[in-house]
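Since the structure comes first, as structure tokens, the remarks are kept for the end.
Coordinate-derived values only; no laboratory data. These figures come from a predicted structure and were not determined experimentally. We place every Cβ from the backbone using ideal geometry, glycine too, and count neighbours over all the protein chains shown.
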Amino acid sequence: MARCRECAGRRLAFASARAAVAYEGVARSLATSWKERGLRRLAVLAADLVAETVARPAASALVFVPPDGDRSRRRGHDPPAQLARELGDRWELPVLPVLARARPLARQRGLPLAERRRNVAGAFAACGRVPAAVALVDDVYTSGSTAAAAASALRRAGARRVEIVTFARAIRYPQR
């Protein structure tokens, strides 16, 4: 399988990362409204788009990136868990809450790539029996740092294959 430029040459804890849309324009506005303005019904739309454009993962269960306690309480909802539940219904896969935050994190937004990776290193831990093949669900794949750290925790807990599924993916265009 071909790798994107960002992943080429790196050892990754996940087998693939797939998203329904690029994180720009209308999709970015939708994701922001869903995450920051509490428009929970957008989880259904996001799941519809993902299910239509992303092949069902070769997994026996879905796992979601666990919420940041303070941010989730402030928002009143958890977009990755909502998306995972909606996708679980569409793909007929169980959703297992087997991943937890091992420690609080600083916000990723605005951090350079190296800082993002340091920020999430060791930030997740499995808290239950993890199947051999899982799909990790998140709302937006930005740098891949969160996905890599969460996938590493799942691998340490016994997952042999982790696929990443997100609503949107940030695309970095080459500098001209």
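Observations on the structure shown:
- Once the chain from Gln108 to Ala55 is taken as fully extended at 0.36 nm per residue, the excess over their C-alpha distance is 16.3 nm.
- Ordered by the number of other Cβ atoms lying within 10 Å of each residue's own Cβ, fewest first, Arg172, Arg28 fall into the sequence Arg172, Arg28.
- Two-site FRET efficiency, Ala121 against Ala100, from Cβ-Cβ distance with R₀ of 25 Å, rounded to 0.05: 0.95
- Whether the stretch 16-169 is rounded, prolate or oblate, judged on the alpha carbon gyration tensor where a/c under 1.5 counts as rounded: rounded
- Per-residue 3J(HN,Hα) values for the stretch 152-164, derived from phi via the Karplus relation 6.51 cos²θ - 1.76 cosθ + 1.60 with θ = phi - 60°, read 4, 5, 5, 5, 4, 8, x, 5, 8, 9, 10, 10, 9 Hz in sequence order (x marks Gly and Pro).
- Residues whose placed amide H lies under 5 Å from that of Arg18, excluding near-sequence neighbours: Ile164, Val165, Thr166
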